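All of the numbers you see were taken from the coordinates with simple rules; none came from a lab. Computed from a prediction, not measured in an experiment: that's the story for all the values here. Note that each Cβ is placed from the backbone with ideal geometry, even for glycine, and that neighbours are counted across all protein chains shown.
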């Protein structure tokens, strides 16, 4: 089978440049020990098979929009921006099927009448959203864009499902992008992205959409995420390695030039396998999955924020962000890390 390659190369005259970075995690921590009482699993199994020790879980009164607003506020404060021209929200767990969650988030941020819309690309959603935002900036449609990845995965995970309950957590991260030049630190490089709907059922929620409305089945378990773990693992390693190589090549980098590889935090073994496949030393691959779990579309901005805060991201480093998610979808892009960027959490 031949797979088409899709890369987008921005014009050097109008480049999206990173100027703000923020994140938010709900306060409640759920440890592996907390899960063991209801799941047939152990702390050792979760740590060795997935790499997670704890995850954050939002309370029943907290929605995805609440998480998104907190991260958006921090990103705008980081950017010293009082206004943006558009809001793009990546999420697989919107507040409602209708309307989209982004307009509500924009309203609560005081961004009156700006275009705001959701992107649903699973765990690749944030990189898809930044690519779309970069396109808006390149076209001159927007000068500054707030991009948010936010998820309340606990709302769509069966708490009794051993295959998914230990994996996912809740949280949000956000960036502010503005118009810049290709030679400026923080400028986003070419994006490589794609999808393969042949495997759409590998990570999916069977009921609740137009294909199988919830009222026609009445099976609560089919309103939760179902995942074929082995299939996802196999495709994730291959696709992340592939799209990482494509993005690096489009930027004119060798893989060995990458100073920090920011991989979607799906599973610690996936990240390690990708690094090994590409020949990237483990110390160049930051991780926060141990403490936050898989936060889907929030994963990449959360990891960027945490890596900046703990000093793993330094000015001038070649940074490549790469992701894989439900759909299947995959996406990656590059940037030189800017000086003076203060992440707020």
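Each label was represented as a point 7 Å from its Cα along the Cα-to-Cβ direction; for residue 80 and residue 181 these points are 2.0 nm apart. Taking a ≥ b ≥ c as the square roots of the eigenvalues of the alpha carbon gyration tensor, the stretch 169-278 is prolate, as a/c is not under 1.5 and a/b beats b/c.
Starting with the highest mean, order 272-285, 50-63, 290-303 by the number of other Cβ atoms within 10 Å, averaged over the residues of each peptide.
By packing density, highest mean first, the sequence is 290-303, 50-63, 272-285.
Geometric descriptor of the stretch 7-180, per residue, is 125 Å³ (volume of the convex hull of the Cα atoms). In plain terms, if you count all Cα to Cα distances in the stretch 109-253 and split them into 10 Å steps from zero, the share in each step is 9, 30, 33, 22, 6, 0 percent. Rounded, prolate or oblate: which one fits the stretch 82-153, using the alpha carbon gyration tensor with axes a ≥ b ≥ c (rounded when a/c is under 1.5, else prolate when a/b beats b/c, else oblate)? Oblate. Taking a ≥ b ≥ c as the square roots of the Cα gyration tensor eigenvalues, with a/c under 1.5 meaning rounded and otherwise prolate when a/b beats b/c, else oblate, which class fits the stretch 231-288? Taking the square roots of the gyration eigenvalues as a ≥ b ≥ c, the stretch 231-288 is oblate.
As a calculated quantity, the FRET efficiency between residue 36 and residue 117 at R0 = 41 Å, using C-beta atoms, amounts to about 0.50.
State the extension gain, in nm to one decimal, for the chain segment bounded by residue 162 and residue 108, taking 0.36 nm per residue of separation less the distance between their alpha-carbons. Write down the numbers at each step before the final one.
On the way: separation 54, 0.36 × 54 = 19.44 nm, distance 3.64 nm.
Fully extending the segment from residue 162 to residue 108 adds 15.8 nm.
Which residue, 190, 166, 27, tops the fluctuation ranking in a GNM of the chain built on C-alpha contacts under 10 Å? Checking each option, the largest mean-square fluctuation is seen for 27. Spin-label model, residue 139/residue 13: points 7 Å from Cα along the beta carbon direction are separated by 1.6 nm.
The order of the peptides 144-152, 256-264 by mean Cβ neighbours within 10 Å, most packed first, is 144-152, 256-264. In this simple spin-label model, placing a label point 7 Å from the Cα along the Cα-to-Cβ direction at both residue 254 and residue 272 gives a separation of 2.7 nm.
Between residue 339 and residue 219, what length comes free when the chain is fully extended (0.36 nm per residue of separation minus the Cα-Cα distance, one decimal in nm)?
Numbers: separation 120, 0.36 × 120 = 43.20 nm, distance 5.18 nm.
Net length gain for the segment: 38.0 nm.
Relative contact order of the stretch 7-180, taken over Cα pairs closer than 8 Å and 6 or more residues apart, is 36 percent.
So for the chain, what percent of the C-alpha to C-alpha distances run longer than 38 Å? It works out to 9 percent of all Cα pairs. Here the gap between residue 238 and residue 284, fully extended at 0.36 nm per residue and compared with their Cα-Cα distance, gives a gain of 14.6 nm.
Evaluate E = 1/(1 + (r/R0)^6) for residue 98 and residue 314, where r is the Cβ-Cβ distance and R0 equals 35 Å; express this FRET efficiency to the nearest 0.05.
Working: r = 44 Å, r/R0 = 1.25.
Efficiency computed from Cβ-Cβ geometry: 0.20.
If you take every DSSP beta bridge fully contained in the chain, what fraction is antiparallel? Give it as a percent rounded to 5. Don't skip to the answer; put the middle values down first.
Values: 38 of 53 bridges.
Of all bridge pairs located within the chain, approximately 70 percent are antiparallel.
Ellipticity at 222 nm from helices only: DSSP H runs of n ≥ 4 in the chain, each -39500 (n - 2.57), divided by the residue count, give -8500 deg cm²/dmol.
Its relative contact order, with pairs defined as Cα atoms under 8 Å and 6+ residues apart, puts the chain at 27 percent.
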